[in-house]
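To keep things clear, I will list the structure first and then write my remarks on it.
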Amino acid sequence: GQARRAGCQATFSPRMPSGYYSDSSDDEEEPTVMLGFAADVSEPSLLARNHFPSKLGGAPAWLDPVNLPTERQLRCSASGEPLRFVAQVYAAASDEPHAFHRSILLFLSPHGPSLSRPGAVRAFRCQLPRDNSHYPHEPPEEGDAPRALTLAEARLASARCPLWANSGGGGGGGGGA
């Protein structure tokens, strides 16, 4: 159904493998390992870009819905085919003001034998400060829709990447001043 097409929301909970760390010093801080687990989406609107989702499959929920990767960047260098969206991880960096919001998106070539060739697997990172033109300062309420793009923003997004410009949780396609 529709929820399946939209993808799964990945939830993350820390799990430390036993024996993963050495006991060289009690003063050293141990890094945190986070593993993601896919779960069904209870409310598809939570996959909209303004809810900063982590997800598998479907369409990307672009953090910056205007300055998208170009169509050329989203094409497999080996096969020439459009790359397929695989996963998106919201990886905010609250200690870095320029990266308060951060998403990492993974795309793969649909041509399996090309996966070992350069340009067949691509990851994109997008970062925004907390105060930006796309999102309010405070987190959204459940069910809140993203701000619609202005006509100029929608045209720029479509010019950069016609394939994915209107994907990812609404807000594309114009409609504002």
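Answer yes or no as to whether Ser22 is at pLDDT 80 or above, more than 25 Å from Asp131 (Cβ to Cβ), small (Gly, Ala, Ser) and in a loop (DSSP other than H, G, I, E, B). It is false that Ser22 is at pLDDT 80 or above, more than 25 Å from Asp131 (Cβ to Cβ), small (Gly, Ala, Ser) and in a loop (DSSP other than H, G, I, E, B).
Out of Val33, Val41, one residue alone is more than 25 Å from Ala165 (Cβ to Cβ), among the hydrophobic types (A, V, I, L, M, F, W, C) and modelled with pLDDT under 90. It is Val33. The residue of the stretch 65-88 that is farthest from Arg147 (Cα to Cα), among those that are of a type in the set (A, V, I, L, M) and surrounded by fewer than 19 Cβ atoms within 10 Å (Cβ to Cβ), is Ala78. Go through the residues of the stretch 157-165 one by one and say whether even a single one is within 23 Å of Pro44 (Cβ to Cβ) and touching a strand residue (DSSP E or B) at 6+ places or on another chain (Cβ under 7 Å). Yes; the residues of the stretch 157-165 include at least one that is within 23 Å of Pro44 (Cβ to Cβ) and touching a strand residue (DSSP E or B) at 6+ places or on another chain (Cβ under 7 Å).
Do you know which residues across the stretch 29-64 are in contact with a Cys (Cβ under 9 Å, 6 or more places away or on another chain) and either open to solvent by 40 Å² or more (accessible area, probe 1.4 Å) or in a loop (DSSP other than H, G, I, E, B) (or both)? Correct list: Ala38, Asp40, Val41, Leu56, Gly57, Gly58, Trp62, Leu63, Asp64.
Restricting Ala123, Ala93, Ala145, Ala154 to those that are surrounded by 15 or more Cβ atoms within 10 Å (Cβ to Cβ) and either within 28 Å of Thr32 (Cβ to Cβ) or out of contact with any Pro (no Cβ under 6 Å at 6 or more places or on another chain) (or both) reduces the list to Ala154. Within the stretch 98-109, the set of residues being open to solvent by 40 Å² or more (accessible area, probe 1.4 Å), touching a Lys or Arg at 6+ places or on another chain (Cβ under 6 Å) and touching a residue at least 24 places away in the same chain (Cβ under 8 Å) comprises Phe100, Leu108. Selection of the stretch 76-97 for residues being without any contact (Cβ under 8 Å) to a residue 12 or more places away in the chain and more than 18 Å from Phe52 (Cα to Cα) yields only Gly80.
The values are calculated or read from the model by the stated rules, or taken from the named source; none is laboratory data. These figures come from a predicted structure and were not determined experimentally. With ideal geometry, Cβ positions are generated from the backbone for all residues, glycine too; neighbour counts draw on all protein chains shown. Each accessible area value is taken on the protein alone, full model and side chains, heavy atoms only, with ligands, DNA and RNA left out. Shrake-Rupley method; radii C 1.70, N 1.55, O 1.52, S 1.80 Å.
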